[in-house]
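Please treat every number below as a calculation from the coordinates, not as lab data. Keep in mind that this is a model prediction, so the values were computed, not measured. Counting neighbours? That spans all protein chains shown, and the Cβs are built from the backbone with ideal geometry, glycine included.
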Amino acid sequence: NAGVTQTPKFQVLKTGQSMTLQCAQDMNHEYMSWYRQDPGMGLRLIHYSVGAGITDQGEVPNGYNVSRSTTEDFPLRLLSAAPSQTSVYFCASKRQGRPQETQYFGPGTRLLVL
Amino acid sequence: AQSVTQPDIHITVSEGASLELRCNYSYGATPYLFWYVQSPGQGLQLLLKYFSGDTLVQGIKGFEAEFKRSQSSFNLRKPSVHWSDAAEYFCAAIMDSNYQLIWGAGTKLIIKP
């Protein structure tokens, strides 16, 4: 089991560029999510999905798009990067249905937007 | 509004000393409560969780946490810290039917040799 994997680990973008952060899990989890982590702010939910073909917005969705065509993959797209999107991005997954299910995190992607 | 508060941004503890990290929540009922740890440059790992029953919860790596309804708290404790415990610790809670985690801002633990 690889768990939750994310690529790339690091990325530098220029303002206005687009990119996709990749996330995959091999635990057959229905629920997947994207967070951003900024100093002093904990984790903030960007988008989440409760199954293939179903996505929803979290607390800070603006500037980000997601899709879920398979159970395993949940890519996050930045359409036109802005310096405010400089952050560390974490993908997570868990089994759907019970609130006490453990959420498993990927190692993160550090993004710098110049 | 529902929220999770970790009052201490940084805590410094000597190796071998005891540790208590504070977590308070704002919610009218009993939430589902979690503590996660993030080692430098790593993702987050679940230490322990509480959802019902015994209010003293045991976790991995020798950590425990106690749920106190009267104080709306879920403090994390360890009797004797090791240098490898240096990390950032996050408290989180589920407080409504959408089952989304609400996160505290984190407490960075520094270990003095």
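Below is a table of values for the structure above.
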{"read-out": "GNM top mover of A:32, A:41, A:19 - chain A, alpha-carbon springs below 10 Å", "value": "A:41"}
{"read-out": "Bridge type composition, chain B - antiparallel percent by DSSP, nearest 5", "value": "85"}
{"read-out": "Listed residues B:26, B:84, B:70, most fluctuating in chain B (Gaussian network, C-alpha, under 10 Å)", "value": "B:70"}
{"read-out": "Residue-averaged beta-carbon neighbours from other chains (10 angstrom radius) around A:25-38", "value": "1"}
{"read-out": "Highest-fluctuation residue, A:50, A:12, A:66 considered, GNM on chain A with Cα pairs under 10 Å", "value": "A:12"}
{"read-out": "Spacing of the two label points (7 Å from each Cα toward its C-beta) at residue A:79 and residue B:52, in nm", "value": "4.4"}
{"read-out": "Fraction of beta bridges assigned by DSSP in chain A that are antiparallel (%, nearest 5)", "value": "90"}
{"read-out": "Cα shape, chain B, gyration tensor, a/c 1.5 rule", "value": "prolate"}
{"read-out": "Trypsin sites (Lys or Arg not before Pro) lying in DSSP loop within the range A:1-54, provided at most 13 other Cβ fall within 10 Å", "value": "A:9, A:14"}
{"read-out": "Rounded FRET efficiency, nearest 0.05, which uses the C-beta distance separating residue B:96 from residue A:54 and R0 of 22 Å", "value": "0.70"}
{"read-out": "Förster radius 22 Å - calculated FRET efficiency between residue A:112 and residue B:27, Cβ distance, rounded to 0.05", "value": "0.05"}
{"read-out": "Gyration tensor (alpha-carbon) shape descriptor, the protein assembly as shown, a/c threshold 1.5", "value": "prolate"}
